[in-house]
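Novice: Got a structure for you, questions after.
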Amino acid sequence: MIPNVLYLHSHDTGRFVQPYGHQVPTPNIQRLADQGLLFRQAFAAAPVCSGSRSALLTGVAPHSNGMLGLAHRGYRLADYRRHLVHTLREAGYWSALVGEQHVSEDPDEIGYDHVVEIDDTRADSVAPATVALLQELPPQPFFLSVGFFETHRHFFEPTSVRDALYSLPPANLPDTPQTRRDMAAFKASARSLDQGVGAVLDALDGADLADDTLVILTTDHGIPFPGAKATLTDRGLGVMLILRGPNGFHGGRVSDALVSQLDLFPTICELADMQAPDWVQGRSLMPLLRKEAIEVNEELYGEITFHAAYEPQRSVRTRRYRYTRRFDDTHTTTVLPNVDDGASKELLVDHGWARRPHAREELFDLVFDPQEGANLIADAAYADVARDLRGRLERWMRETEDPLLGGPVTPLPGTSLNRPDQCSPDDPVYVVEGAIES
């Protein structure tokens, strides 16, 4: 039987939920993990909102699908017919969108059969709208995209004084009153996300659809803290990914296979008993489910070109190493507009973060340095590793026709950007007119 697909996704959550061992109470997400299959080593194709989501929903890297920047700043897919909903329509699926989507300024151009209109995309609006929709579905299999604004900044207020005092900040940040309170606020937002997820899962059960539905729960990229979101690190690219449903996605199991969100498109196609389109760059996860393989990827690639500002980078990650290359020699320090404003950012800026330089190339041994703090690119003992990964990255860029190979990428006309030397994404932007800044 062809399964329904319920695609639940959040903003900026990374892996900071209960099933990944963090002190972030998310009992409904934990329940999904207890019933399904959790991937511990899942990664986005980009550490920014539109790039990540576009890659998942087209099966190709952002620089291949046109989403080099943010949709709300003027970027769009080169061809919306490559969105997953069009492929699934050929297999008889009906599709609907509720809440956040972030791949188009106009959700109607994406191609969903139905777009639910709601006032905002927070869980307390998205969940009731989804519950109502699940009670009025057409008879054919469905693809339902349900997007929550949580855990994007602005966060909810901490739910207790205890949380504000005792929450442990991310491991790459100093433990201070500012970072603890910032993390407590994130946790409050995560609780709201969890409540929304729980309401939708309960409605799926109530409609007697759970046994016939593949539930995908993921997020776009890492948490909106310095050193995570908008960085090509595990903190920026690492995402929660939990799948529950028929065909082996059950049993409360954990996989340590190296997987990409690009792999979801061909996986869904295989479950729908159809061939994935020839443009897809990901690999189906079904060999893992059938125990035909312990890995489907030898390496994964990550990228960022435009976020709020231009900061072109590419990376390759294997089981043990990450290699990252920057392609802009003009701005060699922290590009602050690409970091969401908040208490943790303010703390680092006050201590001179904006003056700290970035290396053109970085190499990290993830076994001995999981926080990616010690750059080994100049270490002679790792010269062969650096040469190998540099070659893999260059080969991938050629094969996928990465525009960075031709030099600096010119922003598209009509897009809006911050300057790399500004301090905040809320600073005044410029609108691109041709190749001229206005």
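Novice: Would a scan of the stretch 114-132 turn up a residue that is farther than 24 Å from Leu193 by Cα, within 24 Å of the chain's Cα centre (by Cα) and assigned to a helix (DSSP H, G or I)?
Specialist: Narrowing the stretch 114-132 to residues farther than 24 Å from Leu193 by Cα: none.
Scanning the stretch 114-132, I find no residue that is farther than 24 Å from Leu193 by Cα, within 24 Å of the chain's Cα centre (by Cα) and assigned to a helix (DSSP H, G or I), so the answer is no.
Novice: Could you please give the count of residues in the stretch 13-31 that are closer than 29 Å to Thr318 by Cβ, open to solvent by less than 20 Å² (accessible area, probe 1.4 Å) and either free of Cβ contacts under 8 Å to residues at least 40 places away in the same chain or touching a Pro at 6+ places or on another chain (Cβ under 8 Å) (or both)?
Specialist: Going through the stretch 13-31 one residue at a time, the tally reaches 1.
Novice: Continuing with the same structure: If Arg181 meets every condition in (1) surrounded by 15 or more Cβ atoms within 10 Å (Cβ to Cβ); (2) charged (D, E, K, R); (3) out of contact with any Pro (no Cβ under 7 Å at 6 or more places or on another chain) apart from one, which number is that one?
Specialist: In the conditions (1) surrounded by 15 or more Cβ atoms within 10 Å (Cβ to Cβ); (2) charged (D, E, K, R); (3) out of contact with any Pro (no Cβ under 7 Å at 6 or more places or on another chain), Arg181 misses (3) alone.
Novice: Okay, next question. Given the residues Ala46, Ala96, Ala55, Ala42, which is the only one that is part of a strand (DSSP E or B), surrounded by 24 or more Cβ atoms within 10 Å (Cβ to Cβ) and not charged (D, E, K, R)? Show your work before the answer.
Specialist: Details: Ala46 fails: part of a strand (DSSP E or B); Ala96 fails: surrounded by 24 or more Cβ atoms within 10 Å (Cβ to Cβ); Ala55 fails: part of a strand (DSSP E or B).
Just a single option satisfies the conditions, and that option is Ala42.
Novice: Against the condition part of a strand (DSSP E or B), of a type outside the set (D, E, K, R) and out of contact with any helix residue (DSSP H, G or I) (no Cβ under 8 Å at 6 or more places or on another chain), how does Leu243 come out, does it pass? Lay out the reasoning, then the answer.
Specialist: On the way: part of a strand (DSSP E or B): yes; of a type outside the set (D, E, K, R): yes; out of contact with any helix residue (DSSP H, G or I) (no Cβ under 8 Å at 6 or more places or on another chain): yes.
Taking the combined requirement at face value, the residue satisfies it.
Novice: Assuming Ser284 fulfils every condition listed in (1) surrounded by fewer than 22 Cβ atoms within 10 Å (Cβ to Cβ); (2) at pLDDT 95 or above; (3) among the polar types (S, T, N, Q); (4) closer than 29 Å to Phe368 by Cβ apart from one, which condition is it?
Specialist: That leaves (4) as the condition not met.
Novice: Being in contact (Cβ under 8 Å) with a residue 40 or more places away in the chain and surrounded by fewer than 24 Cβ atoms within 10 Å (Cβ to Cβ) is the filter; apply it to the stretch 64-86 and report the residue that is farthest from Glu136 (Cα to Cα). So that I can check it myself, show each step before the final result.
Specialist: Going residue by residue through the stretch 64-86, those that are in contact (Cβ under 8 Å) with a residue 40 or more places away in the chain are 64, 68-70, 73-75, 82, 84-85.
Now drop any that are not surrounded by fewer than 24 Cβ atoms within 10 Å (Cβ to Cβ), which leaves 64, 70, 73-74, 82, 85.
Details: Ser64: 37, Leu70: 33, Arg73: 35, Gly74: 34, Arg82: 27, Val85: 19 Å.
So the residue we want is Ser64.
Novice: OK, next. Would you pick out the residues in the stretch 3-39 that are farther than 17 Å from Gln195 by Cα, polar (S, T, N, Q) and assigned to a strand (DSSP E or B)?
Specialist: Across the stretch 3-39, the qualifying residue is only Asn4.
Novice: Here is a further query. Mind listing whichever residues of the stretch 323-342 are out of contact with any Leu (no Cβ under 6 Å at 6 or more places or on another chain) and crowded, with 17+ Cβ neighbours inside 10 Å?
Specialist: Narrowing the stretch 323-342 to residues out of contact with any Leu (no Cβ under 6 Å at 6 or more places or on another chain): 325-326, 328-342.
Matches in the stretch 323-342: Arg325, Arg326, Asp328, Thr334, Val335, Leu336, Pro337, Asn338, Val339, Asp340, Asp341, Gly342.
Novice: So which of Glu136, Glu157, Glu150 is part of a loop (DSSP other than H, G, I, E, B) and open to solvent by less than 20 Å² (accessible area, probe 1.4 Å)? It would help to see each step written out before you state the result.
Specialist: On the way: Glu136 fails: open to solvent by less than 20 Å² (accessible area, probe 1.4 Å); Glu157 fails: open to solvent by less than 20 Å² (accessible area, probe 1.4 Å).
Residue meeting the stated conditions: Glu150.
The values are calculated or read from the model by the stated rules, or taken from the named source; none is laboratory data. Fair warning: this is a prediction, and the values are worked out from it, not measured in the lab. Neighbour counts run over all protein chains shown; Cβ positions are idealised from the backbone, glycine included. With ligands, DNA and RNA removed, areas are computed over all heavy atoms of the protein, side chains included. Shrake-Rupley method; radii C 1.70, N 1.55, O 1.52, S 1.80 Å.
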